[in-house]
Amino acid sequence: MIRVLVVDDSTFVRKALSRMLGDAPDIEVVGTAVDGQDGLEKVRTLRPDVVTLDVKMPRVDGLEALRRIMDECPTPVLLLSSLTSEGADVTLRGLELGALDFVDKSTVQGHMNLLSLADELRAKVRALAGAQRRPSAARAAPRPAEVPPERGTVKVVVIGTSTGGPAALQAIIPRLPPDLPVPVLIVQHMPVGFTRSLAERLDQKSALVVREARDGEPPQPGRALIAPAGRHLKLRRVGGEPRLWLDHEPESALHRPSVDVTMQSAARVYGAGVLGILLTGMGSDGVEGLRAIRSAGGRTLAQSEDSCVIFGMPKAALDAGVVHRAVPLERVPDEILAAV
């Protein structure tokens, strides 16, 4: 059984989450807490496998509670967030402090529709219960990547990630130099509205320019562009030059943006000049993308199991035989510089 502690200042939300989780045969809600202080005390005594934590609460708010949980008794934490500019920023700060994932509860309209979150909530709780517990990215001072004496022939780097991705990206992007001779394209599974905050926070910490990708712009060296949530990021040639292209097709894709869609598109445009990297995350998105890159003569990497929060995506790619090498997260920036 996966033992869960629910922390939320709303009586309704506590009851709704407890019902959603408790209805699953493999999940047990071992307690609820009314604010961050109550939650911290119950984490100490109950030692749950996973904590669901509202980010906005009275007395001790979600971020302060999260900080203290990570200091005193590190536990996988799933944040409950809301899509406002403030809510997205707070959520990203929470992921930096050590939370592993979040659920956007603003996708529902009205209290009763909160039940529509049930499937996503249970899936993420199950994934986090088996997650590796790691120090928060905010506490790890980035060091510059080692610039190799000779560089390769890669023309674009495409990175795909999901659960645990924001922290993994913070271990990579700030270590890349401002004169990186190729563009970096990033696909991070996130609800609509959150990728802008992710880009802004990475930009503040990086020598590279980091922002959301814009439809029609050329990918440029020294820039890391993040696919906006809700649209696929593709590449096509216009007048012989690569351009970015944002749209909703295929609408049937499980994720939008899809790692597969971006990587397959990059392989068509850049051929052997693509370095595809698959980081921590649930599911198998990216397997077909790496397959396309490898078939075109490009290079493929996956984050190694020992450094992943969730080994799902890298494992699926390794099992499919589409990865040239698996490397620890801390080696990824050096691998990028060795390839470009």
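For this structure, a couple of remarks:
- Subset of segment 206-241 (residues that are basic (K, R) and more than 14 Å from K155 (Cβ to Cβ)): R211, R214, R231, K234, R236
- Strands (runs of 3 or more DSSP E) completely within segment 196-278 that count 2 or more residues being free of Cβ contacts under 8 Å to residues at least 40 places away in the same chain: 209-212, 232-238, 241-247
- Some residue of segment 235-257 being touching a Pro at 6+ places or on another chain (Cβ under 7 Å), under 30 Å from G130 (Cα atoms) and crowded, with 21+ Cβ neighbours inside 10 Å: no
This table checks each residue for (1) at pLDDT 75 or above; (2) among the acidic types (D, E); (3) touching a Phe, Trp or Tyr at 6+ places or on another chain (Cβ under 8 Å).
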| position | (1), (2), (3) |
| --- | --- |
| M70 | yes, no, no |
| P76 | yes, no, no |
| D89 | yes, yes, no |
| L92 | yes, no, yes |
| L95 | yes, no, yes |
| L100 | yes, no, no |
| V103 | yes, no, no |
| V108 | no, no, no |
| M112 | no, no, no |
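- Residues located in segment 294-340, provided they are part of a helix (DSSP H, G or I), aliphatic (A, V, I, L, M), within 18 Å of S162 (Cβ to Cβ) and touching a residue at least 40 places away in the same chain (Cβ under 8 Å): M313, L329, V332
- Residue check for V187: assigned to a strand (DSSP E or B) and closer than 25 Å to L121 by Cβ: yes
- Selected residue (criterion: surrounded by the most Cβ atoms within 10 Å (Cβ to Cβ)) from residues of segment 38-93 that are of a type in the set (S, T, Y) and not in a helix (DSSP H, G or I): T52
- Only one of the listed residues (V192, V187) is exposed (fewer than 15 other Cβ atoms within 10 Å of the Cβ), touching a residue at least 60 places away in the same chain (Cβ under 8 Å), among the hydrophobic types (A, V, I, L, M, F, W, C) and closer than 30 Å to L80 by Cα. That residue is V192.
- Residue list for segment 264-301, restricted to those being closer than 19 Å to G230 by Cα and either in contact with an Asp or Glu (Cβ under 8 Å, 6 or more places away or on another chain) or not assigned by TED's automatic domain parsing to the domain that holds E335 (or both): Q264, D285, G286, G289
- Positions within segment 313-324 being surrounded by fewer than 20 Cβ atoms within 10 Å (Cβ to Cβ) and closer than 12 Å to G276 by Cβ, in sequence order: H324
Residues are listed down the side, and each one gets a yes or a no for (1) modelled with pLDDT of 95 or more; (2) within 22 Å of D104 (Cα to Cα):
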| site | (1), (2) |
| --- | --- |
| K15 | no, yes |
| D23 | no, yes |
| I27 | yes, yes |
| L46 | yes, no |
| V50 | yes, yes |
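- Of all residues making up segment 214-263, the number that are farther than 15 Å from D285 by Cα, among the small types (G, A, S) and more than 17 Å from the chain's Cα centre (by Cα): 4
- Test: residue in segment 6-16 that is assigned to a strand (DSSP E or B) and closer than 22 Å to A118 by Cβ: yes
- Note on segment 156-213: residues that are within 17 Å of the chain's Cα centre (by Cα) and either of a type in the set (S, T, N, Q) or at positive phi (or both) total 9.
- Members of segment 29-57 that are among the charged types (D, E, K, R) and out of contact with any Gly (no Cβ under 7 Å at 6 or more places or on another chain): D35, D38, E41, R44, R47, D49
The values are calculated or read from the model by the stated rules, or taken from the named source; none is laboratory data. Note that the coordinates shown come from a computational prediction; the quantities given were computed from them, not determined experimentally. Cβ atoms come from the backbone with ideal geometry, glycine included; neighbour counts cover every protein chain shown.
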